[in-house]
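The values are calculated or read from the model by the stated rules, or taken from the named source; none is laboratory data. Just so it is clear, the structure is predicted and the values come from calculations on it, not from any experiment. Every residue, glycine among them, receives a Cβ derived from its backbone with ideal geometry; neighbour counts consider all protein chains shown.
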Amino acid sequence: MITTRRARPEDVQEVVELANLVFRPASSGLNPSMGLQYPLFLSKRNAHDLFIAEDDGKIIALNGILKNTAVINGHKISIASMGAVCTHPDYRGQGIATRLLHEVLTSLHDEGVALLVISGDRGLYTRNGADFTSLKKRFTLTRGACDTDRVQAYGELPGMLSVTYYGKAITLVAEKFGELYQREPVRYLRPKWQVPILIKAAPGVNDVPYPPRLRAAASWVGECLSAYVLGSVKDNKFRVMEYAGDPVTVGILLQKMLTDSGITTVTVDVPIHDFQLTAYLEACGHKGEAEQYPFTFIITNTAVLWSQIQPILQERAKAICPNARLEVGLNDSPPGESKSDSQRNRRSGIEHESCPKSDMDQTRCEAPIDLNDGKALLHFVFDVENREQYGEPWDPILPLPLPWPGGLNFI
Ligand SMILES: CC(C)(COP(=O)(O)OP(=O)(O)OC[C@H]1O[C@@H](n2cnc3c(N)ncnc32)[C@H](O)[C@@H]1OP(=O)(O)O)[C@@H](O)C(=O)NCCC(=O)NCCS
């Protein structure tokens, strides 16, 4: 009989073996590196958040999450990442992954986690509330494909600013990278002690032999780090895993990787909210391709999400109208769970009071979307592309940016 439960520390070795069997099969030529690449996620410490299915004591399916916090302009939102979702090939098509996903969603809801990020858009996820919501631009920088005069004008570094390149020695400056990352306006909460571990692990670098060749460039003003780019190199092509710091200096570093370090191509994904880096790269003549984040999101607890984004909304609303006050409605059913009419009536509704520009009187308005529709709510709060118009106070204050899940916090 197939049963499900949370893993225990002593199960983690077997969990990692299943993940390697599915994601690093011998036929792929990749090393069985799942445990090495995801040392925080596939760890004994995180065993409680690895949901497994067993058949007669053998682990045959996994759905793991790693809980974290997103920090958006200084405000915290509880977020979990989901990864290593797999069912042993002999057990597929029996609803096991669906069952584990439902258990994970219920547990995240009950534990008050607001949001879940998932790598990919399988039907398994989209049938259960997941959807795309954020945009990025992919830039592929090649030598000679930019306006050299402009690059020189921008890229001319003042004498006190120096650039250093790192290979294996990256870990020596990991702590400095960690400090700079903590100043990013839209990011994950990441204690400094995690940084050397995550850099060494290279999460998300899934298509090159492990360990990958890591490379970083950093710009310094004296002892002070002003920007870094960090990524992996294959065939002289550099793919950025993560960058942080002054956006124009990040752009300069990307250009200098091309001219100083034998790299022929630099590929970087820039979230749409990083408009300064985008502007710099476009001013240099590089063309970015707008694409969805290759991740989907599920709102796992509406009430928690709304209360956690309140400070951001209030701050933004007050910038438009000093008297604006948004009221939070409650909706505490797990995603996908049907709700009775009475529950709907009692709980639906985000109400807000705002002062329309016309008369500056306080006006009570109904929520412009159905709060019980998780996907509608997701798009309302976070969607950048194909955004509907909702009028005031919503249009000037939404959408909110989400941290790029493809960096060192990838699982
Ligand atoms: C994706 C995966 C976890 C689904 O596991 P599962 O236990 O078979 O899932 P369920 O039975 O609950 O059904 C969900 C999926 O299986 C598919 N399915 C249904 N019947 C099936 C069958 N007889 N054989 C195989 N797949 C079947 C469903 O179409 C659905 O796929 P979708 O998400 O593309 O719509 C499993 O196929 C797997 O391990 N794949 C390889 C790893 C992977 O790609 N993981 C996802 C990373 S994003």
Can you tell me which residue within segment 4-19, out of those that are within 19 Å of I411 (Cα to Cα) and within 12 Å of the ligand (Cβ to nearest atom), is surrounded by the fewest Cβ atoms within 10 Å (Cβ to Cβ)?
-> L18
Could you please give the count of residues in segment 374-403 that are touching a residue at least 60 places away in the same chain (Cβ under 8 Å), in a helix (DSSP H, G or I) and more than 23 Å from the chain's Cα centre (by Cα)?
-> 1
Segment 57-80, subset surrounded by fewer than 15 Cβ atoms within 10 Å (Cβ to Cβ) and of a type outside the set (K, R), residue farthest from the ligand (Cβ to nearest atom) | G74
Top-ranked residue in segment 353-405 [being among the polar types (S, T, N, Q) and more than 30 Å from R138 (Cβ to Cβ); ranked as modelled with the highest pLDDT] = N372
G83 vs. criteria more than 15 Å from the ligand (Cβ to nearest atom) and not in a loop (DSSP other than H, G, I, E, B) | no
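How many of the residues in segment 88-110 are within 10 Å of the ligand (Cβ to nearest atom), without any contact (Cβ under 8 Å) to a residue 60 or more places away in the chain and at negative phi? Walk me through how you get there before you give the answer.
Residues of segment 88-110 within 10 Å of the ligand (Cβ to nearest atom): 88-89, 91-102.
When the remaining residues are screened for being without any contact (Cβ under 8 Å) to a residue 60 or more places away in the chain, the result is 92-93, 95, 97-98, 101.
Okay, now just the ones that are also at negative phi, so 92, 97-98, 101.
So the count comes out to 4.
Any idea which residue in segment 278-296 is farthest from the chain's Cα centre (by Cα), counting only those that are buried (at least 21 other Cβ atoms within 10 Å of the Cβ), closer than 30 Å to T126 by Cβ and not hydrophobic (A, V, I, L, M, F, W, C)? I'd like the intermediate steps shown before the answer.
Our first condition is that a residue be buried (at least 21 other Cβ atoms within 10 Å of the Cβ); within segment 278-296, this holds for 278, 280-281, 284, 286, 293, 295-296.
In the following step, the residues that additionally are closer than 30 Å to T126 by Cβ were identified as 278, 293, 295-296.
Of the ones still in play, those that are also not hydrophobic (A, V, I, L, M, F, W, C) are 278, 293, 296.
Numbers: T278: 18, Y293: 9, T296: 9 Å.
In this case the residue turns out to be T278.
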Is there a residue being touching a Phe, Trp or Tyr at 6+ places or on another chain (Cβ under 9 Å), assigned to a helix (DSSP H, G or I) and at pLDDT 75 or above anywhere in segment 316-325?
-> no
